[in-house]
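Take a look at the structure below.
The values are calculated or read from the model by the stated rules, or taken from the named source; none is laboratory data. Only a predicted model underlies this, so the values are computations on that prediction, with no experimental measurement involved. Here the Cβ is made from the backbone with ideal geometry for all residues, glycine too, and neighbour counts use every protein chain on show. Protein only, heavy atoms only, side chains kept; ligands, DNA and RNA dropped before computing areas. Shrake-Rupley method; radii C 1.70, N 1.55, O 1.52, S 1.80 Å.
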Amino acid sequence: MSIHQPPVTRTERIIAEIWCDVLELDEVGVLDNFFEVGGYSMLMQLVRAQIAERTGVRPTLPELFIHSTIRSCAAFLDGSAKGTTAKGGSAAGGTATTSQQDADRVTDGVTDRETERETVRETDIAVIGLACRFPDAVDTDQFWHNLVSGVDSISRFPPKSIPGPGGGKREYVPARGLLREPEWFDAGYFGYTPREALLTDPQHRVLLECAVEAIEGAGYDPDRFPGLIGIYAGCSLSSYTETLRARQQEDHSITTWDILMGTTGDYLASRIAYKLGLRGPTANVQAACATSLYAVHFAARALLAGECDLALAGGSSVRLPAELDNYRVGGITSPSGVCSPFDTAADGVVGGQGCGIAVLKRLSAAVADGDHIHAVLRGSAVNNDGRERAGFTAPGVRGQVEVVRAAQRAAGVTPSSITYVEAHGTGTRVGDPIEVAGLNQAFDDGKPRAEPCLLGSVKGNIGHLDAAAGIAGFIKTVLAVERGTVPPSLHYAVPNPDIDFAAGPFVVVTEPTPWAPVGQPRRAGLTARGLGGNNAHIVLEQPPAPRPRAGSEDHQVLVLSAHTPAALDELTARIAARLAERPDLELRDVAWTLQVGRRQHGYRRFAVVRDREDALRVLGGGAPERLVGGDHARDGRAVALLLPQAADAGVVRHWEALGPAPDLTLWPDCDDAAIGSALDTPGRVFLELGAPGTAARLREHPRWTPEHIVVTVTDPLAALGELWLAGLPIDWAAARTKPARTGSARTGSARTGSARTAEPAGAAEPVRRVPLPGYPFQRQPYLLEAGPAVQPSSSAPGAGPTTERTVSMLFTEMLGLAEVDPEDSFFDLGGDSLVANELVGRLEQLLPVRLEVRAMYDAPSVREFTALVEEQLRGEAVRSD
């Protein structure tokens, strides 16, 4: 709190009188902050007009925001503020000397790599995966299409009115960028019961699905990734908490613990880590509107520190029920319902819903592993504005200048080499000029530019996404850097008169603009700013060109799996559509990505194909006999080799190296006891390498069951598919680098559609991961609304005695199911130890029993658990007698 000091100079007295008039105060001190004694941006406009009238100097609004005390403002107007002038339109804040010193620090010892990118810096980070859910966009492809097409995705509603000055009314247009069906979720994919899904905040659920899409888009399966995967993420304040608390008053099965675990941001990242099996650093990030860009910065630092080998970073902001920002005079909400960054019509923020996440990896590792690189993150920085600004919620200039320069130093680039900036650009009358003033200083390195620096903001398209705002700008900029086009910044026609574009290199881009800087790579800066003074800036660069390689005409095995049959059909159609849309995709890369870059599910199918056209025909249903499927995949199957008397040792070693790990070998002269002993292992797989007689004896043996499988290697790729179909782990890299020969040139598997030498495709050829369509989640709506709870039925089909009806009712209540089969396991239905503990507690309230949670594991079905409860009830009755 400042000590009251009266004005001394003539200019201080004039400003004090203006403040008292505008703020209707009796007196003000020269150290008082305008915004802390009742001022706001619209009133500052009145102050500005009176200053111009009484002093003849017309400062810009950013200058008045920067000099927000009477003493600072008077000194500035008098021309005595250090390093500033009182000329209208000057980029105030900070000194020219400091700016030049910072520029020197950026360029000191730095040589821009113009078109040359062969040298990979140890600090470069690759962006290898992206996923998002934004207004009008369910994925990054749709988002990009909307951006380059100039689509405004804001939903606007009929005008409303509020009381205005003089007893009149002021109209405003309620508006928001809204997601389509954000409450829909694939609970089964993640092993959630319907009850758990209902109790989990939709913004957590949306980010969870996006995390799967992002890491699969990067071409990695967390279960098979050899290193550590970290995650840094944040979300907005939960509005779903209020809904759950309201329902808790009616439905006492909802506990405070349920609400805490289901909606608190503390569990956002750890929930994803748990469901995806990530074992690296896991941290929730909160930095207001800069949250998700801070998450990217922290994830990149974790990779550089060696704390993880792959890192996810992002944010989510989904408020349900969707709330429209209510306009109030002096607030930041746009009364027009249009977000117009940098334009003279800019009148405030339009909010929005959304979610985005990126996958990062050290560039050197990404290049070596054949990853698809969308962009290179060259450097990043974060900081805070501190006290040098108009107020706690107001942006500052100095902090922004410093964070931009720090990121440029980390990136090892000069400001003049950056040719696009994705600004925070909220579309507020004062915020945009302050941001551009800071950018003007940060980019003033004294070096000539061959072309202007383009400027834009995604908020005109989708609104301000709060905790997801930074990742929205990040994804937009990554796609622009990768694809060589800068999308238009919407709703810009006439520049905001308080933005001094003449003082800097920036030009707002108003139409899709080809981006091909002369003599240097595409390079962009990206800013996010959070209420409270948080700043983040990132420098991105176009990815290195893939290394050249020879073409390939080899056959490939395409493997597809999903959690449900419907999802498997949809995934097959999606892969076929991608092959049709992208003739540039090489079949070997598609096959490799499907083999190593997807989570392996129970419902599976595979096809051996010779080229892209053949793949389109098979996946499209043109040769159904070649699209081989099954739902018999099972972990831990035992494997036996069936070998001829004179087996090729090299061939045997090769197949053993592919992953089946046989524990038994059967020869043609083995006796029936050996055959029977092998069949005693349920579900055993027999890999036949030239011993058809032994295979026939197995099938004729009385201990043979439909669960046993014989895979005959007439076509090595088809055999690999059959082994994978059964659930055996396959070393796909070994399959490509070591040719398999069965000792004879067998030809013709009906499933391949062609006769060829028994040798797997792609031996010793380099393969790459490529972006493929994401998993087709089979979503259903999960949304609780405030109001009377609908209790599950107290009976279930086939319910018997009272005890079984009670147990059945508790199963349906705790699992959120309409009914349960008395024979189904509680844990197969989605229950876990926490829910089991709660169920046992509820049972003890209804019946005179005392049970341990482990009883649920001993008797997991309704029928078994009922028998256990009744046994204890009978024992209690005997003791009472």
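Things to note:
- Cβ-Cβ distances below 7 Å connect the following pairs, each with a first residue in the range 114-138 that is of a type in the set (D, E, K, R), a second residue that is in a strand (DSSP E or B) and modelled with pLDDT of 95 or more, and a separation of six or more residues or different chains: ASP124/VAL376; ASP124/ARG378; ARG133/GLY354; ARG133/CYS355.
- Those residues of the range 213-247 which are under 14 Å from GLY356 (Cα atoms) and of a type in the set (S, T, N, Q), in sequence order: SER236
Residues checked against (1) within 27 Å of ALA214 (Cβ to Cβ); (2) in contact with a His (Cβ under 8 Å, 6 or more places away or on another chain); (3) of a type outside the set (Val, Ile, Thr):
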{"position": "THR256", "(1), (2), (3)": "no, no, no"}
{"position": "GLY265", "(1), (2), (3)": "yes, no, yes"}
{"position": "ALA273", "(1), (2), (3)": "yes, no, yes"}
{"position": "ALA302", "(1), (2), (3)": "yes, no, yes"}
{"position": "ALA311", "(1), (2), (3)": "yes, no, yes"}
{"position": "GLY315", "(1), (2), (3)": "yes, no, yes"}
{"position": "VAL329", "(1), (2), (3)": "no, no, no"}
{"position": "VAL338", "(1), (2), (3)": "no, yes, no"}
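- The set of residues in the range 256-267 being within 20 Å of the chain's Cα centre (by Cα) and touching a residue at least 60 places away in the same chain (Cβ under 8 Å) consists of GLY262, THR263, TYR267.
- Residue in the range 398-405 that is within 22 Å of GLY530 (Cβ to Cβ) and under 25 Å from the mean Cα position of the chain (by Cα) present: yes
- Filter pass, VAL318 being under 28 Å from LEU490 (Cβ atoms), out of contact with any Lys or Arg (no Cβ under 6 Å at 6 or more places or on another chain) and open to solvent by less than 10 Å² (accessible area, probe 1.4 Å): yes
- Criterion (under 17 Å from GLY473 (Cβ atoms) and small (Gly, Ala, Ser)) met by exactly one of ALA516, ALA493, ALA524, ALA503: ALA524
- In this structure, LEU658 does not satisfy being more than 30 Å from ALA218 (Cβ to Cβ), modelled with pLDDT under 95 and surrounded by 18 or more Cβ atoms within 10 Å (Cβ to Cβ).
- Look at the range 690-702: where a residue is β-branched (Val, Ile, Thr) and a partner is modelled with pLDDT of 90 or more and in a helix (DSSP H, G or I), sitting 6+ places away or on another chain with Cβ atoms under 9 Å, you get THR694/ILE675.
- With respect to (1) modelled with pLDDT of 95 or more; (2) open to solvent by less than 20 Å² (accessible area, probe 1.4 Å); (3) part of a helix (DSSP H, G or I), the lone exception for LEU377 is condition (3).
- Positions within the range 679-698 being open to solvent by 20 Å² or more (accessible area, probe 1.4 Å) and either assigned to a helix (DSSP H, G or I) or modelled with pLDDT of 90 or more (or both), in sequence order: ASP680, THR681, PRO682, PRO692, GLY693, ALA696, ARG697
- Some residue of the range 14-25 being assigned to a loop (DSSP other than H, G, I, E, B), surrounded by 13 or more Cβ atoms within 10 Å (Cβ to Cβ), in contact (Cβ under 8 Å) with a residue 24 or more places away in the chain and not basic (Lys, Arg): no
- Filter result for the condition that a residue is modelled with pLDDT under 95 and either within 15 Å of the chain's Cα centre (by Cα) or more than 26 Å from ASN837 (Cα to Cα) (or both), over SER270, SER239, SER253: SER239
- Filter pass, GLY277 being more than 25 Å from ALA175 (Cα to Cα) and surrounded by fewer than 19 Cβ atoms within 10 Å (Cβ to Cβ): yes
- Sole residue being modelled with pLDDT of 85 or more, within 26 Å of ALA346 (Cβ to Cβ) and either open to solvent by 30 Å² or more (accessible area, probe 1.4 Å) or not acidic (Asp, Glu) (or both), chosen from PHE35, PHE76: PHE76
- Annotation note: of PRO776, PRO702, PRO706, PRO729, the sole residue that is in contact with a strand residue (DSSP E or B) (Cβ under 8 Å, 6 or more places away or on another chain), modelled with pLDDT of 90 or more and either part of a loop (DSSP other than H, G, I, E, B) or open to solvent by 10 Å² or more (accessible area, probe 1.4 Å) (or both) is PRO776.
- Of all residues in the range 667-678, those satisfying the criterion of being farther than 11 Å from VAL639 by Cα and either open to solvent by less than 10 Å² (accessible area, probe 1.4 Å) or in contact with a Pro (Cβ under 9 Å, 6 or more places away or on another chain) (or both) are TRP667, PRO668, ILE675, GLY676.
- The set of residues in the range 418-440 that are among the aliphatic types (A, V, I, L, M) and in a strand (DSSP E or B) contains only VAL421.
- Here the helices (runs of 4 or more DSSP H) wholly within the range 115-232 that include at least 2 residues being small (Gly, Ala, Ser) and under 21 Å from the mean Cα position of the chain (by Cα) are 202-217.
- Check on GLY386, modelled with pLDDT under 95, within 29 Å of ARG398 (Cβ to Cβ), in contact with a helix residue (DSSP H, G or I) (Cβ under 8 Å, 6 or more places away or on another chain) and not basic (Lys, Arg): yes
- Filter result for ARG398 (modelled with pLDDT under 95, of a type in the set (Lys, Arg) and open to solvent by 10 Å² or more (accessible area, probe 1.4 Å)): yes
- Residue check, ALA638 touching a strand residue (DSSP E or B) at 6+ places or on another chain (Cβ under 6 Å), of a type in the set (Gly, Ala, Ser) and touching a residue at least 40 places away in the same chain (Cβ under 8 Å): no
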